[in-house]
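Comments concern the structure below.
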Amino acid sequence: MNSPRFVDRLSQLDHGSILGEPVLKAEGVEVRYGDHVVLENVSLKLHSGTLTALVGANGAGKSTLLHVLQGQLRPSAGKVFCYGDRIETCRERVVLMPQRSRIDWSFPISVRDLVDLGSMNGQSFGCCDREAAIQRVGLADLGNRRLDALSGGQQQRALLARCLVQPSRMLLLDEPCAAIDPPSRDQLLLLMRQLADAGHTLLVSSHDWGEALDSYDRVIVVDRCVLADGPPAEVRCALKGLVNPGNHHCG
């Protein structure tokens, strides 16, 4: 999915403007369950209008990190800040889109019903906001369709619409491109790029080590700790010394 639009926006920002305060920042985050270490000394910063891939193998700690960044899970050590405030005090500023496999798609509701659930946290929105979100993800003709009648890619876009009706512009997406066909993946990647260009900040977890990474401004590779962090080309170079990045551990 190579396109002139998918350029190194981070270097443009670094050389052409001041990034300013990060939207989301983690400092020394650790998660332990007894002697089992899930995350170790993870630090990162996410700036407005950027599209970042969070890459790692199964069990690398990606989903755990997303839950920590959204404030659903309290870390064993470290802190998370959103616009300088502790995430525990402002969780509504960060939206987490769950993995598609965690949703019961047989539940008898429509796309519009699912998007309406975006207000369940107490945030309100008007009908036009719902319809605009559905249209933005390309499901305007499927608003009344039941969830179990959607394809995998359409289900992912319906979940994304549910996120977009919420006021937050900081989106954490857990494996949105998993188990969907290449055309649906490319369509979703293009949609995420458009959102970043419009000022949203996206952190997207993925297993994909292929060309799809070139769609992102930045790639963060985790395997319990951060192995690499930077533009896609730089990250690939940094990981050449690892035989199998998915089986690497820090320490």
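Quick note: the coordinates plus some simple rules give every number you see, no bench work behind them. Everything quoted here is computed from the prediction, not taken from an experiment. Because the Cβ atoms are built from the backbone with ideal geometry, glycine has one as well, and the counts that use them run over all protein chains shown.
Where in segment 48-82 is the amide nitrogen less than 12 Å from a point lying 7 Å along the Cα-to-Cβ axis of residue 33? From segment 48-82, the list is 59, 61, 64. Listed values for segment 29-44 are Karplus-derived 3J(HN,Hα) couplings in whole Hz (6.51 cos²θ - 1.76 cosθ + 1.60, θ = phi - 60°), namely 6, 10, 10, 10, 10, x, 8, 8, 9, 9, 9, 9, 6, 8, 10, 7, and x replaces Gly and Pro. For the peptides 52-64, 204-216, the ranking by packing is 52-64, 204-216, with the highest mean count of neighbouring Cβ atoms within 10 Å listed first. In a shell of Cβ-Cβ distance under 10 Å around residue 46, excluding residue 46 itself, what net charge do Lys and Arg (+1) and Asp and Glu (-1) give? Every neighbour counted, the sum reads +3.
Label positions at residue 197 and residue 74, each projected 7 Å from the Cα along the C-beta direction, are separated by 4.3 nm. Computed from backbone phi, the HN-Hα couplings of segment 151-159 come to 6, x, x, 5, 5, 4, 5, 5, 4 Hz, rounded to whole numbers (Karplus: 6.51 cos²θ - 1.76 cosθ + 1.60, θ = phi - 60°; Gly and Pro given as x). Near residue 155: Cβ cut-off under 12 Å, other residues only, Lys/Arg at +1 and Asp/Glu at -1. The net charge is +4. Can you list the lysines whose alpha carbon sits under 22 Å from that of residue 79, skipping same-chain ones fewer than 8 residues off? The qualifying lysines are 25, 45, 62.
Phi-derived couplings, Karplus 6.51 cos²θ - 1.76 cosθ + 1.60 at θ = phi - 60°, listed residue by residue for segment 162-167: 4, 5, 6, 6, 8, x Hz, with x used for Gly and Pro.
Excluding residue 177 itself, calculate the net charge of residues whose Cβ lies under 15 Å from the Cβ of residue 177, where each Lys or Arg counts +1 and each Asp or Glu counts -1. That works out to -2.
Between residue 73 and 68, the built amide H atoms are under 5 Å apart, and every one of these is 5 or more places off in sequence or on another chain.
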